[in-house]
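The values are calculated or read from the model by the stated rules, or taken from the named source; none is laboratory data. Since the structure is predicted, the reported quantities are computational estimates derived from the model, not experimental observations. Note that we place each Cβ from the backbone using ideal geometry, even for glycine, and neighbour counts take in every protein chain shown. What goes into the accessible areas is simple: the full protein's heavy atoms, side chains included, and nothing from ligands, DNA or RNA. Shrake-Rupley method; radii C 1.70, N 1.55, O 1.52, S 1.80 Å.
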Amino acid sequence: DPGQQALREAIARFLDVEAENILAGTGADDLLDILIRLVMPKAIAIPTPTFGMYRFLAKISRAKPIEVSRRPNFDLDVVALKHAVQAGAGIVFLTSPNNPTGNYLPGAQVKAFLQAVPKDVIVVLDEAYNEYLPPADRVDTLAWVNEFSNLVVTRTFSKIHGLAGLRVGYGVTTAEIADLMH
């Protein structure tokens, strides 16, 4: 099934979203790679320290990684991220909870950032470890996909479901971005 229709429909039921908003890939890394190759940004904003694949994928796609240092407590420096966007970042990676620091992003902070960035800048919210957050700290970011046309939320079955060897990642985004990525 090259269109992963059955898998996308099953994930859509699991998440209670529309199948047209679902992406499936060989791990979330695959989806990040496809997105970068689709957008071909000149630069990518990456809050550091974080998952090393963002920088790797940026470099192999010839995008300049703009590494934005986190605050001393590893929280995001939102002002510095906005400067990275002004400096030409076409994609911004946000990770919640972050790997390796474990910091999670408060929903209000993410939503305010989404409202502040231009709509032509893709914001990737990597939630590979989302299920490890206490329920009180989880935010229904999937509901924001239809509100923010530039949001891509990625998750994986590797962590919480112990399926790393199967390499199944998924994303939720607008039907338009999902269609382009397919």
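Selection of the range 39-67 for residues being in contact (Cβ under 8 Å) with a residue 24 or more places away in the chain and closer than 12 Å to residue 101 by Cα yields 47, 49, 50, 51. Checked against (1) free of Cβ contacts under 8 Å to residues at least 60 places away in the same chain; (2) closer than 19 Å to residue 41 by Cβ; (3) open to solvent by 50 Å² or more (accessible area, probe 1.4 Å), residue 129 passes all but a single condition, namely (2).
Of the residues that make up the range 89-105, is at least one of a type outside the set (Ser, Thr, Tyr), assigned to a helix (DSSP H, G or I), over 13 Å from the mean Cα position of the chain (by Cα) and modelled with pLDDT of 95 or more? No: the range 89-105 contains no residue that is of a type outside the set (Ser, Thr, Tyr), assigned to a helix (DSSP H, G or I), over 13 Å from the mean Cα position of the chain (by Cα) and modelled with pLDDT of 95 or more. The single condition among (1) under 24 Å from residue 14 (Cβ atoms); (2) in contact with a Gly (Cβ under 8 Å, 6 or more places away or on another chain) that residue 121 does not satisfy is (1). Reported count of residues in the range 36-47, each being buried (at least 16 other Cβ atoms within 10 Å of the Cβ) and not in a loop (DSSP other than H, G, I, E, B), is 7.
Which of the residues belonging to the range 25-38 are in contact (Cβ under 8 Å) with a residue 60 or more places away in the chain and over 18 Å from residue 151 (Cβ atoms)? Steps first, answer last, please.
Taking the range 25-38 as the starting set, the residues that turn out to be in contact (Cβ under 8 Å) with a residue 60 or more places away in the chain are 25-32, 34-35, 38.
26, 27, 29, 30 - these are the residues of the range 25-38 that are in contact (Cβ under 8 Å) with a residue 60 or more places away in the chain and over 18 Å from residue 151 (Cβ atoms).
Restricting 133, 163 to those that are within 17 Å of residue 25 (Cβ to Cβ) and either modelled with pLDDT under 95 or of a type in the set (Lys, Arg) (or both) reduces the list to 163. When the residues of the range 9-35 are filtered to those that are farther than 24 Å from residue 84 by Cα and acidic (Asp, Glu), the one that is surrounded by the most Cβ atoms within 10 Å (Cβ to Cβ) is 30. Of the residues 32, 23, the single one that is in contact with a Gly (Cβ under 6 Å, 6 or more places away or on another chain), within 11 Å of residue 169 (Cα to Cα) and among the aliphatic types (A, V, I, L, M) is 23. A count restricted to the range 68-77 and to residues that are buried (at least 17 other Cβ atoms within 10 Å of the Cβ) and either within 17 Å of the chain's Cα centre (by Cα) or free of Cβ contacts under 8 Å to residues at least 12 places away in the same chain (or both) stands at 2. On the stretch given as the range 153-182, residues that are under 19 Å from residue 91 (Cα atoms) and in a helix (DSSP H, G or I) total 7.
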